[in-house]
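Take a look at the structure below.
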Amino acid sequence: MPAVTKSKCANGDGNGSQSAIPSTMNPMSDPTSDPMSDQPVPPPPQSPTPPEPIIKPSEPITEFHIGDEFGTAKRNLPPAGIVLICLAVVAVIVGIFAFKARQKPQGAGSVDFVAAAEVPGQNMILAAITMTLRNTADKPLWIKNLKAHLTTADGSTFDDDAASAVDLDRYYQGFPALKESSEPPLSPETKLTAGAQQKGTIIVSFKVTKEAFDQRKSLTVTIQPYDQVLPVVLK
C-alpha cells in the first residue's frame, strides 16, 4: 500500500493545513521488491582459447636453381644410349620390312646370242639379239615394249626400240648374217603365263661401226611389262 506523506500548504489566512498526497515509489528502487534479485548473475562469456600452433619438425631445404629450364630434353628424355638403341632396333625392323615388301621385276632371263651386220655407207649396224624370257610371277606377263641399250668401249651409250616383228623376214633377206641362231620374233603384246618361258629375237640398229659394236662394253635388253613399275633387264 502506498505511503502517505504530510505537507503544509499556505493559505490566504496564513494557517497551514495538512493534506494527504499519495506518493508512489519506483518498485525497482527497492531491491526487496524485485523477484529476480535473488537469482545469481551469470558470469560473462569467455572467448575460446585459440589452439596451440602445431610445430612441424624442421625439413631439409631443397635447393632450387632458377636457371634450370623444365621441358627440355635433359629433363624429359631418357638417356642417350637407350634412345640410340631404340632407334637402331626400329631401323632394323623397318629395313627388314622394306626388303621383303620391295617391288621386284616380274620376269628374268638372259641374252643368249647376238649377230650383227654393217649397213654399207651409213656408219650403222643392225643387231639381231636372241634372248630367253621367264615369267617369275604368279600372274601373266604382258610385254608393253622392248628396247636395247648399248655401251661402247669409250663409254658412249646408244638406245633403240625393237623393230616391228613383221619386218624381221625382210631384214633376214637383206642381211643373212642376222638369221644365225635366231628365234621367232619376240614382240610387244606377247603374253607369258605364270611361270612360262619363251625364247625370241629382236632386231635393233645403232649408229656405230661394226668394229665399235664388236668391242662394246655392254649390251642389254629392257622389257617393260604392262602394269609394272620395274622393267625386266636381260644381259
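The values are calculated or read from the model by the stated rules, or taken from the named source; none is laboratory data. Quick caveat: nothing in here was measured; it's all calculated off a predicted structure. Here Cβ is always computed from backbone atoms with ideal geometry, including for glycine, and neighbour counts include all displayed protein chains.
Answer with yes or no whether Gln224 is assigned by TED's automatic domain parsing to the domain that holds Thr132, within 41 Å of the chain's Cα centre (by Cα) and part of a strand (DSSP E or B). Against the criterion (assigned by TED's automatic domain parsing to the domain that holds Thr132, within 41 Å of the chain's Cα centre (by Cα) and part of a strand (DSSP E or B)), Gln224 qualifies. Scanning segment 170-213 for residues being in contact (Cβ under 8 Å) with a residue 60 or more places away in the chain and in contact with a Lys or Arg (Cβ under 7 Å, 6 or more places away or on another chain) gives a total of 1.
Counting only residues that are assigned to a loop (DSSP other than H, G, I, E, B) and of a type in the set (Ser, Thr, Tyr), which one in segment 138-185 is farthest from Ala115 (Cα to Cα)?
Among residues in segment 138-185 that are assigned to a loop (DSSP other than H, G, I, E, B) and of a type in the set (Ser, Thr, Tyr), the one farthest from Ala115 (Cα to Cα) is Ser156.
When the test is whether a residue is exposed (fewer than 13 other Cβ atoms within 10 Å of the Cβ), small (Gly, Ala, Ser) and not assigned by TED's automatic domain parsing to the domain that holds Gln215, Gly174 does not pass it.
I'd like to know if segment 142-152 contains one or more residues that are modelled with pLDDT of 95 or more and small (Gly, Ala, Ser). Yes - at least one qualifying residue is present in segment 142-152.
Being over 28 Å from Trp142 (Cα atoms) and at pLDDT below 65 is the filter here, so list the residues in segment 92-117 that pass it. If the condition is that a residue be over 28 Å from Trp142 (Cα atoms) and at pLDDT below 65, then Phe97 is the only one that fits.
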